[in-house]
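The values are calculated or read from the model by the stated rules, or taken from the named source; none is laboratory data. Note that the structure is a prediction, hence the values are computed from the model and not measured. Here Cβ is always computed from backbone atoms with ideal geometry, including for glycine, and neighbour counts include all displayed protein chains.
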Amino acid sequence: MSRGQTLILAGALATCLIAGSPQRLVGDGREYLAQAIEFASFHGPAFRPADIPYVQMELARFDPALANWDIWSSTAGDVKRGRVFLHFWFYALLAAPGVWIANALGVPPTLAFTALNLALFGAALWVAYPRVGPAASVLLFAGPIVWWLDKAHTEVFTFALLTIALALMRDRPWWAMLAAGAASTQNPPIAILVPMVFVAAGVRDRSALTDRRLIAAAIAAVALALLHPVYTYTHHGRWSLLLEQTRSGAPTFQTLSASVLDPSVGLIGNFPLFVTVVFAGMLVFVRRSNGQLLSLDFGIAAAAAAIFLFSFSRTTNMHHGGTPSLSRYALWLIPLAVPLLSSLQRGGGRVWRRFLWSAAVMSALISVVAFHPSVPQNSREPTWLATFLWTRLPAWNNPLPEVFIETQLQVDEPRVPVATSGCEKILIAGGDLNAGLWPSPCYPAPVPAECQTAGVLCYANLTDRRYTFVPVRDIAADASAIRRDVVWPVDAVLHVRQLYEAWNWPGMRSEPLSVVRTADRVSLQSLGSNDHFILVLRNPGEGAVVRLRPAGPLDGILVDPLAGQTIRSLHYDGEPGLMTIDLPHDSTILLLAMRSNSSR
């Protein structure tokens, strides 16, 4: 298939995907749309106070919920009394002509960003296709990037320009530098590619340093790369407003590797076949090149990867929105495989090509479903790999607390303790023991001294029927993060342990409980399966009752763990109907433990 035919087919498929997705704003999209509206009004890049009501009105026309968005408090002032967002405005400037046309036609202004994204996406495919081949193009362009095609967000902009830069740095270094310079307007770390490509061109051929195209492109690329820091410094006295969202200190392995190895937001859990192809490709290349993996192209890609990973580790918001699951930062890493894929396209051999085609087709089929543009943001969290590891092999992975908390609780702030549904993996915080450490309904195991210090976070992993503890380094929690409504009262811990041990809690299977039909006037948590379970009942009110419909005979007890007393013993003989259990309303917390004879 020719390059033109491939581009037409890709455009048709992308259009079909976008047609099934509603126009909506995610993540920072409202900021980019507001910037583009201001530019389309022939103002900007800073918002003048008098223009904000008009921008607000235009945003509300697209999404009525944005009528209450306070642009003033979401922006920073500059020396000319304008207001700007933390994110730079170059991408929005490119979309502004489309927004002006969309307003004239009466269509949603977000279509301007969709059109811009498709144009960039098509340009990157046009450049990469003859260099990496059709199979690698399927892998790269029919991957997670498809989710962002219709979004007013910079992901396609960055992905496309990085792909162009990496694909052209050998035979068209002038275009590569321009692409890298343009990409760096939104993400300054990408600017490092400009000098690297220029130096590599000179190393390959010294006469290139006198090539007017290379010199002119270098000047233009440097100007683009300086646009963000120079504009920001002259208007705000800082090199980038994005620095306000970075952390200090030395990076840890977790923060450096999260965009690749984290099973919930990293490439390995969201784009595993890509990681497999890259790893296998490196082995094939080393074997065919007699163990030599060093070249200018690979050196540039590796250096860029190191710089990107370091910059990712500095962010204060690793688990951001505006994505189904995969970190947006991880998308920067995908184009870095272009030099490897390009080399293997020329000399990978028949077996490699068959493997690549198989992986690419399988990955594309998965990605167009998992990353269909209509998929809601953060809807794939935790991923299947994260769920498997955290519930089956919890000691194998201790993610960044931010990622674990927010994927489990679906919140945007630190909240502990938090646990998987079956209590296989728990994140606790040390502090005042009277505030509690362990979340119900999990077994409150004894906590080592290193995890009792105030603010210290520790993972508790259920391994071989007992919990092992791993402290989290360099990250702490304050008292406001404690979920006091779910921790075990310290006076109940001893009695809770006794009941859980009597009920053989490590042998409980974790599954949804269909045996519980209703729980009136009481909050309920559960642990176990339909024939062997414990219910934690909090704050029962007047007339509180739990109704069960067991599939067979059950025996159990109702316990007040604060008093250490068994309120009553219970038995169900298996007759059809409901088992109704009245609860005393003068208790703060109750435990209802039930099991069949076969589960003893």
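Counting only residues that are farther than 25 Å from Leu537 by Cα and in contact with a Phe, Trp or Tyr (Cβ under 8 Å, 6 or more places away or on another chain), region 438-460 holds 5 of them. Applying the condition of being surrounded by fewer than 20 Cβ atoms within 10 Å (Cβ to Cβ) and modelled with pLDDT of 90 or more to region 462-478 and asking which residue is nearest to Leu592 (Cα to Cα) yields Arg466. Does region 127-144 include one or more residues that are over 23 Å from Val278 (Cβ atoms), in contact (Cβ under 8 Å) with a residue 40 or more places away in the chain and not aliphatic (A, V, I, L, M)? Checking region 127-144: not a single residue is over 23 Å from Val278 (Cβ atoms), in contact (Cβ under 8 Å) with a residue 40 or more places away in the chain and not aliphatic (A, V, I, L, M).
State whether one or more residues within region 479-490 are among the hydrophobic types (A, V, I, L, M, F, W, C) and modelled with pLDDT under 85. Checked against the condition, which is being among the hydrophobic types (A, V, I, L, M, F, W, C) and modelled with pLDDT under 85, region 479-490 yields at least one hit. Take the conditions among the aliphatic types (A, V, I, L, M) and part of a loop (DSSP other than H, G, I, E, B) and apply them to Val278. Does it pass? So Val278 fails the test.
Applying the criterion of being closer than 16 Å to Ile268 by Cβ and among the hydroxyl-bearing types (Ser, Thr, Tyr) to the residues of region 311-351, the residue that is surrounded by the most Cβ atoms within 10 Å (Cβ to Cβ) is Thr323.
Restricting to region 143-185, and then to whatever is of a type in the set (D, E, K, R) and surrounded by fewer than 24 Cβ atoms within 10 Å (Cβ to Cβ), can you tell me which residue is nearest to Met196 (Cα to Cα)? Even if it seems obvious, please write down each step before you answer.
At the first step, the residues of region 143-185 found to be of a type in the set (D, E, K, R) are 150-151, 155, 170-172.
Next, from what is left, pick out any that are surrounded by fewer than 24 Cβ atoms within 10 Å (Cβ to Cβ): 155, 170-172.
Working: Glu155: 23, Arg170: 12, Asp171: 14, Arg172: 14 Å.
Filtering first and then ranking leaves Arg170.
Does region 256-271 hold any residues that are over 18 Å from Ala305 (Cα atoms) and either more than 15 Å from the chain's Cα centre (by Cα) or assigned to a helix (DSSP H, G or I) (or both), and which are they?
So the first thing to find is which residues in region 256-271 are over 18 Å from Ala305 (Cα atoms), and the list is 263-264, 269-270.
Gly269, Asn270, listed by residue number.
Matching residues to (1) surrounded by 15 or more Cβ atoms within 10 Å (Cβ to Cβ); (2) in contact with a helix residue (DSSP H, G or I) (Cβ under 6 Å, 6 or more places away or on another chain):
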{"position": "Glu511", "(1), (2)": "no, no"}
{"position": "Thr518", "(1), (2)": "no, no"}
{"position": "Val522", "(1), (2)": "yes, no"}
{"position": "Leu562", "(1), (2)": "yes, yes"}
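Checking the structure you have, find out if any residue of region 169-181 is in a helix (DSSP H, G or I) and within 25 Å of the chain's Cα centre (by Cα). The answer is yes; a qualifying residue exists. Among the residues in region 233-250, are any among the hydrophobic types (A, V, I, L, M, F, W, C), under 24 Å from Ala160 (Cβ atoms) and free of Cβ contacts under 8 Å to residues at least 24 places away in the same chain? No; the residues of region 233-250 include none that is among the hydrophobic types (A, V, I, L, M, F, W, C), under 24 Å from Ala160 (Cβ atoms) and free of Cβ contacts under 8 Å to residues at least 24 places away in the same chain.
Results for (1) closer than 21 Å to Trp357 by Cβ; (2) modelled with pLDDT of 95 or more; (3) among the β-branched types (Val, Ile, Thr), shown as yes or no for each residue.
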position: Ser137; (1), (2), (3): yes, yes, no
position: Thr154; (1), (2), (3): no, yes, yes
position: Ala167; (1), (2), (3): yes, yes, no
position: Pro173; (1), (2), (3): no, yes, no
position: Thr185; (1), (2), (3): no, yes, yes
position: Asp205; (1), (2), (3): no, no, no
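The residue of region 80-118 that is surrounded by the fewest Cβ atoms within 10 Å (Cβ to Cβ), among those that are touching a helix residue (DSSP H, G or I) at 6+ places or on another chain (Cβ under 9 Å) and of a type in the set (Gly, Ala, Ser), is Ala115. Taking region 371-386 as the range and being of a type in the set (A, V, I, L, M) and buried (at least 21 other Cβ atoms within 10 Å of the Cβ) as the test, only Ala386 passes. Within region 27-54, if we keep just the residues that are among the aromatic types (Phe, Trp, Tyr) and closer than 11 Å to Ala96 by Cα, the residue that is surrounded by the fewest Cβ atoms within 10 Å (Cβ to Cβ) turns out to be Phe42.
Could you list, ordered by first residue, the pairs with Cβ atoms under 9 Å in which the first is in region 339-366 and closer than 14 Å to Ala128 by Cα and the second is hydroxyl-bearing (Ser, Thr, Tyr) and surrounded by fewer than 19 Cβ atoms within 10 Å (Cβ to Cβ), at least 6 apart or interchain? Pairs that qualify, where the first residue is closer than 14 Å to Ala128 by Cα and the partner is hydroxyl-bearing (Ser, Thr, Tyr) and surrounded by fewer than 19 Cβ atoms within 10 Å (Cβ to Cβ), are Pro339/Ser295; Ser343/Ser289; Ser343/Ser295. Considering Arg131, Arg81, which residue is in the same structural domain as Ala183 (by TED's automatic domain parsing) and out of contact with any Asp or Glu (no Cβ under 7 Å at 6 or more places or on another chain)? It is Arg131. Tell me, which residue of region 186-213 that is more than 32 Å from the chain's Cα centre (by Cα) and buried (at least 22 other Cβ atoms within 10 Å of the Cβ) is nearest to Tyr329 (Cα to Cα)? Looking at residues that are more than 32 Å from the chain's Cα centre (by Cα) and buried (at least 22 other Cβ atoms within 10 Å of the Cβ), I get Phe198.
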